[in-house]
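The values are calculated or read from the model by the stated rules, or taken from the named source; none is laboratory data. No experiment lies behind these values; they were computed from the predicted model shown. Cβ: placed from backbone, ideal geometry, glycine included. Neighbour counts: every protein chain shown. When the accessible area is computed, the model is the full protein with side chains, heavy atoms only, and any ligands, DNA or RNA have been set aside. Shrake-Rupley method; radii C 1.70, N 1.55, O 1.52, S 1.80 Å.
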Amino acid sequence: MEPEQSDDGAGRPRPRRDRRGRGVRGPAVLPRSGPLGSPRPPRPRSRRETFDRIMLDIVTEIDGRWSTRLGLVEYAVEDTPQLPDDWDSGRVPLSSLVRGTGATPTRLVVFRRPLEHRAADRADLEAILLTVVVEQVAELLGIDPSEVDPRYPADTD
């Protein structure tokens, strides 16, 4: 493709300015948003959005299966745990489970950054997140984790 040319006033064509040979500048594809409200293309998901989507899928499935025995449970995602200054354990918590009393619901909080740090890829993150949520729900119900979700690896001792 040849560069566009324009007249320099003396009747001679002048090449359009392209100092570094990169060609036409600007967006290759324009967004599809317009005055008629046409949809825009989906933007790439951030790590937080991806994590939240995985968590929502896992929790929806488990809560749907065990909602009658679980009762009212709030599920939350926080970036990192708030550790006290005198924390002497070499381990960082991956989740927190606070049992509810009376009208206060049980609260299961998963910490995103420590889990992402341990995962090599998305499949690994899904497996780790499933394991953490299943183990917390199993503790809450007082049953074996493999009963909570069939995808949980059973102990083969």
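Residue by residue through segment 69-101, note down the ones that are part of a loop (DSSP other than H, G, I, E, B), open to solvent by less than 90 Å² (accessible area, probe 1.4 Å) and not hydroxyl-bearing (Ser, Thr, Tyr).
Matches in segment 69-101: GLY71, ASP79, PRO81, LEU83, PRO84, GLY90, VAL92, PRO93, LEU94, GLY100.
Out of (1) more than 17 Å from the chain's Cα centre (by Cα); (2) of a type in the set (D, E, K, R); (3) open to solvent by 70 Å² or more (accessible area, probe 1.4 Å), the odd one out for ASP121 is which?
Unmet condition: (1).
Any residue in segment 91-115 that is touching a residue at least 24 places away in the same chain (Cβ under 8 Å) sitting within a Cβ distance under 6 Å of a residue that is open to solvent by 50 Å² or more (accessible area, probe 1.4 Å) and of a type in the set (Asp, Glu)? List the pairs, counting only those 6 or more apart or interchain.
PRO105/GLU74; ARG107/GLU74; VAL109/GLU78; PHE111/GLU78; ARG112/ASP79; ARG113/ASP79
For segment 104-143, which positions are among the charged types (D, E, K, R) and in contact with a Phe, Trp or Tyr (Cβ under 9 Å, 6 or more places away or on another chain)?
ARG107, ARG112, GLU116, GLU135 - these are the residues of segment 104-143 that are among the charged types (D, E, K, R) and in contact with a Phe, Trp or Tyr (Cβ under 9 Å, 6 or more places away or on another chain).
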